[in-house]
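Only one structure is covered here, and it is reproduced in the block below.
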Amino acid sequence: MSLETFIQQLANGISLGSLYALIAIGYTMVYGILRLINFAHSDIFMVGAYFAFFLIAVFKLPWLVSAILAIVLTACVGMTIDRIAYRPVRNAPRISALITAVGVSFFLENLGLVTVGARPKPFQRPDLMARVIRIGPAAISGVSIWVPILSIGLVAILLYVIYRTKLGMAMRSVATDIDTTRLMGVNVDTVISYTFAIGSALAAAGGIMWACKYPQINPLMGIYPGWKAFTAAVIGGIGNITGAMIGGFVIGLIEIMAVAAFPALSGYRDGMIFGLLLVFLLVRPTGILGETLKEKV
Amino acid sequence: MRRLLLGIVVAIILISLGAVVQSAAPEPIVIGCNLEMTGQVAAYGQAAWEGINIVSQIVKPEVLGRPVEFSVLDNKSDKIDTANASSRLIERDKVVAIIGPMISGSMLAAGEVCEKKEVPIIGPTTTNPLTTQGKKYVFRACFIDPFQATIAATYCYRDLNAKTAAILSDISNDYCVALGNFFQQEFERLGGKVVSLTYCKAGDQDYSAQLTDIKTKNPDIIYIPNYYTEAALAVVQARDLGLKQPVFGADGIATEEFLAIGGKAVEGVMHTTFWHEKAAESELSKKYVELYRAKYGADDEVNVFGALAADCYLIVLDAIKRAGSTDPKKVAEAIEATKDLPVVTGSVTIENGDAIKPVVFREVKNGKWDYKTMVYP
């Protein structure tokens with residue numbers, strides 16, 4: 001591999017990894033606080049992209065306004081899902097919540113198929129995202145530069161919220177012990193509701209960025225990115241936000257570099273990533289940054 | 001209590017009356033449609049269903065004095081679901097014949113089921129040669145992949161003067177892998193060289209690594225024999241990466257979605273396909289184009305997948321008529337004997353389950369498919 005190729009592949013890897021990181025953060029945050037793997041996360045990702053699509057294509061709103069509105073709307077969807085699907089099983093065994101999450105995931109996918117149809121729709125990319133920037137030998141699309149900045153920015157904000165605000169304190173408290181938190185006079189349901197709102201907003205941001213990079217959306221678009229991001233979250237140490245970020249970049253880089261090194265095996269890149277997930281689950285189930293947990297789903 | 005009893009008696013009388021009325025009308029003949037209404041190639045299945053609906057306005061769904069009904073099942077573009085849908089159509093709906101699926105991988109799965117149950121199945125656009133090989137009940141209304149890929153390779157080598165090529169095919173679909181192989185064989189037989197051979201998988205959205213490999217090898221042409229979403233995304237990313245080579249595709253990209261997702265990036269992309277509305281010469285073809293336009297707007301291009309599904313409908317209807325029976329076995333024999341039947345895409349003759357059809361070349365110009373030429377076998 002020549003240096004030029006290596007630099008281009010490195011740029012490809014960072015760009016893909018930062019998208020995985022953005023989705024993985026949402027996965028891991030909800031898990032960290034509720035010990036729930038929210039399988040619907042990847043479909044909320046899809047919902048976010050569709051909101052942006054309709055706001056741009058049907059209501060003709062400017063791109064940035066559409067993106068922000070889509071994120072807000074998706075946050076509301078996340079809160080609604082929590083209210084309807086997760087709150088009733090809050091005190092049930094954890095496995096019930098997990099199955100509910102799978103159910104919500106299927107529900108959103110099929111709702112998408114029925115309402116917007118299965119045929120993919122073209123997503124309009126703003127010039128800022130579509131423009132190709134050439135740095136030395138590497139060609140990088142605008143979105144690939146914005147996403148890492150956005151991801152790191154969002155992680156910083158998220159860490160601030162969790163460790164420096166009252167809401168964050170309540171969230172950490174819920175993560176430790178729900179019943180005791182309730183005894184302290186905290187409205188646990190509101191806190192969890194906010195958790196879902198933030199998680200869904202992150203998913204929506206990921207979905208919109210994904211659609212800008214790969215300008216096509218369909219109701220099943222979240223499945224693969226979702227699994228990859230989930231893998232990233234586990235490899236980084238599920239529940240750990242910085243870990244999810246690192247996991248995302250690791251997955252993105254491995255995926256691209258594996259293809260770069262073995263072009264003939266490029267059809268098996270997903271297999272390689274999920275193989276890595278298996279290795280991690282067997283050897284180091286707590287991931288790169290994870291702490292040992294007493295209980296797991 | 002008495003009222004309840006009376007109600008039951010009245011209900012029984014009504015039901016039995018209904019049965020009498022029903023048996024008086026001729027029993028409908030059911031044709032199964034095993035189509036990709038959702039999933040990876042939803043655009044094909046939905047286009048096929050549109051095509052069948054349009055053509056049944058021209059040739060009424062009636063044969064042997066009995067009405068024809070359709071039983072449509074969604075196979076989700078999935079091999080296993082397609083096989084299951086075939087079983088269900090045969091067992092539950094007692095269909096005479098099945099139209100669909102649209103893609104070869106699924107037909108390989110469904111063909112096994114139909115061969116065992118001895119019910120004919122005809123794929124509008126299942127181009128992989130293996131689908132009909134050694135099978136008495138599996139048919140297709142289109143040409144086969146070795147033919148389309150060989151002609152594409154010859155065109156690239158001779159007319160576009162390409163000496164080196166890159167192939168990026170979808171490893172999870174029999175159709176894409178086979179096309180890539182046939183193209184490579186012919187291209188190298190002619191004296192060219194395939195310098196980069198990479199793969200992707202159905203549903204993949206990122207092709208940057210494969211395309212960077214292609215960029216390094218710098219071939220004269222890029223052959224992408226994949227389905228429309230994957231192909232469009234790959235071309236968009238290729239242009240983003242600064243690849244300027246001409247891109248060649250196969251019949252799988254003949255959808256609106258390819259043009260819409262690809263936008264400016266797919267300008268100049270060439271491909272081999274089954275038919276183009278400009279080649280519509282017969283009365284039937286012209287009527288079909290007219291009805292299509294009336295329904296989907298004057299600017300809309302007549303979808304090739306729909307046209308071939310319409311062909312299948314005509315082939316099956318004609319076969320039932322000639323067989324003079326709804327016995328699936330006899331219908332299968334009649335389909336095999338189809339000769340010079342006028343259909344939407346011209347006329348069709350079936351030999352060993354395969355339709356003998358020409359290849360059409362098209363190129364994207366100003367965001368539309370532009371007809372270039374037609375090559376006869």
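The values are calculated or read from the model by the stated rules, or taken from the named source; none is laboratory data. Because the structure is a prediction, the values reported are computed rather than measured. Neighbour counts run over all protein chains shown; Cβ positions are idealised from the backbone, glycine included.
Within segment A:208-244, the only residue that satisfies the criterion of being among the aromatic types (Phe, Trp, Tyr) and away from chain B (no Cβ under 11 Å) is A:230.
Only one of the numbered conditions (1) closer than 20 Å to residue A:108 by Cβ; (2) within 11 Å of another protein chain (Cβ to nearest Cβ) is violated by residue A:10, and that is (1). Annotation: of all residues in segment A:112-130 being loosely packed, with under 14 Cβ neighbours inside 10 Å and not polar (S, T, N, Q), the one that is nearest to residue A:77 (Cα to Cα) is A:114.
Is it true that residue B:214 is among the β-branched types (Val, Ile, Thr) and either in contact with a Ser or Thr (Cβ under 6 Å, 6 or more places away or on another chain) or closer than 24 Å to residue A:131 by Cα (or both)? Yes; evaluated as a whole, the condition is true for this residue. Could you tell me which of the residues B:98, B:122, B:90, B:167 is outside the structural domain of residue B:73 (by TED's automatic domain parsing) and modelled with pLDDT of 95 or more? Testing whether each residue is outside the structural domain of residue B:73 (by TED's automatic domain parsing) and modelled with pLDDT of 95 or more leaves just B:167. Restricted to helices (runs of 4 or more DSSP H) entirely inside segment B:265-377, those with at least 1 residues that are under 19 Å from residue B:125 (Cβ atoms) and at pLDDT 95 or above are B:304-323, B:328-336. Here residue B:213 meets each of (1) in contact with a Gly (Cβ under 8 Å, 6 or more places away or on another chain); (2) within 8 Å of another protein chain (Cβ to nearest Cβ); (3) within 23 Å of residue B:178 (Cβ to Cβ) with one exception, condition (1). Condition test on residue A:286, is it in contact (Cβ under 8 Å) with a residue 12 or more places away in the chain and either within 14 Å of chain B (Cβ to nearest Cβ) or surrounded by fewer than 22 Cβ atoms within 10 Å (Cβ to Cβ) (or both)? Here the answer is yes, as residue A:286 does meet what is asked. Consider segment B:41-71 and keep the residues that are of a type in the set (A, V, I, L, M, F, W, C), within 14 Å of chain A (Cβ to nearest Cβ) and not in a loop (DSSP other than H, G, I, E, B). The one that is surrounded by the most Cβ atoms within 10 Å (Cβ to Cβ) is B:48.
Yes or no, residue by residue, for (1) out of contact with any helix residue (DSSP H, G or I) (no Cβ under 8 Å at 6 or more places or on another chain); (2) among the hydrophobic types (A, V, I, L, M, F, W, C); (3) modelled with pLDDT of 95 or more; (4) part of a helix (DSSP H, G or I):
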residue: A:29; (1), (2), (3), (4): no, yes, no, yes
residue: A:33; (1), (2), (3), (4): no, yes, no, yes
residue: A:56; (1), (2), (3), (4): no, yes, no, yes
residue: A:78; (1), (2), (3), (4): no, no, yes, yes
residue: A:86; (1), (2), (3), (4): no, no, no, yes
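Within the set A:274, A:280, the sole residue that is assigned to a helix (DSSP H, G or I), more than 14 Å from every other protein chain (Cβ to nearest Cβ) and touching a residue at least 24 places away in the same chain (Cβ under 8 Å) turns out to be A:280. Filter segment B:185-199 for residues that are closer than 11 Å to residue B:167 by Cβ and either within 7 Å of chain A (Cβ to nearest Cβ) or aliphatic (A, V, I, L, M) (or both) and give the result. Scanning segment B:185-199 gives B:194, B:195, B:196, B:197, B:198, B:199. Would you call residue A:69 more than 14 Å from every other protein chain (Cβ to nearest Cβ), at negative phi, surrounded by 15 or more Cβ atoms within 10 Å (Cβ to Cβ) and not charged (D, E, K, R)? Taking the combined requirement at face value, the residue satisfies it.
Condition check ((1) of a type in the set (A, V, I, L, M); (2) under 20 Å from the mean Cα position of the chain (by Cα); (3) over 19 Å from residue B:149 (Cα atoms); (4) not assigned by TED's automatic domain parsing to the domain that holds residue B:217) across all residues:
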| site | (1), (2), (3), (4) |
| --- | --- |
| B:233 | yes, no, yes, no |
| B:237 | no, no, yes, no |
| B:240 | no, no, yes, no |
| B:244 | no, no, yes, no |
| B:250 | yes, yes, no, no |
| B:253 | yes, yes, no, no |
| B:259 | yes, yes, yes, no |
| B:265 | yes, no, yes, no |
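Being at pLDDT below 95, closer than 19 Å to residue A:16 by Cα and within 7 Å of chain A (Cβ to nearest Cβ): is that true of residue B:204 here? The answer is no for residue B:204. Among the residues making up segment A:85-143, those that are under 30 Å from residue A:6 (Cβ atoms), touching a residue at least 60 places away in the same chain (Cβ under 8 Å) and β-branched (Val, Ile, Thr) are A:135, A:140, A:143.
Once segment B:23-40 is narrowed to residues that are without any contact (Cβ under 8 Å) to a residue 40 or more places away in the chain and not small (Gly, Ala, Ser), the residue that is nearest to the other protein chains (Cβ to nearest Cβ) is B:38. Checking B:233, B:259 one by one, the residue that is out of contact with any Cys (no Cβ under 6 Å at 6 or more places or on another chain), surrounded by 24 or more Cβ atoms within 10 Å (Cβ to Cβ) and assigned to a helix (DSSP H, G or I) is B:233 and no other.
Total residues in segment A:263-273 satisfying the condition of being under 21 Å from residue A:2 (Cβ atoms) and surrounded by 14 or more Cβ atoms within 10 Å (Cβ to Cβ): the figure is 3.
A quick yes/no check of all residues on (1) more than 14 Å from chain A (Cβ to nearest Cβ); (2) among the basic types (Lys, Arg); (3) crowded, with 24+ Cβ neighbours inside 10 Å:
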position: B:265; (1), (2), (3): no, no, no
position: B:278; (1), (2), (3): yes, yes, no
position: B:286; (1), (2), (3): yes, yes, no
position: B:294; (1), (2), (3): yes, no, no
position: B:306; (1), (2), (3): no, no, yes
position: B:310; (1), (2), (3): yes, no, yes
position: B:319; (1), (2), (3): yes, no, yes
position: B:328; (1), (2), (3): yes, no, no
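When the residues of segment B:180-214 are filtered to those that are more than 20 Å from residue A:12 (Cβ to Cβ) and out of contact with any strand residue (DSSP E or B) (no Cβ under 7 Å at 6 or more places or on another chain), the one that is surrounded by the most Cβ atoms within 10 Å (Cβ to Cβ) is B:182.
Scanning segment A:226-284 for residues that are modelled with pLDDT under 90, small (Gly, Ala, Ser) and under 14 Å from the mean Cα position of the chain (by Cα) returns a single hit, A:239.
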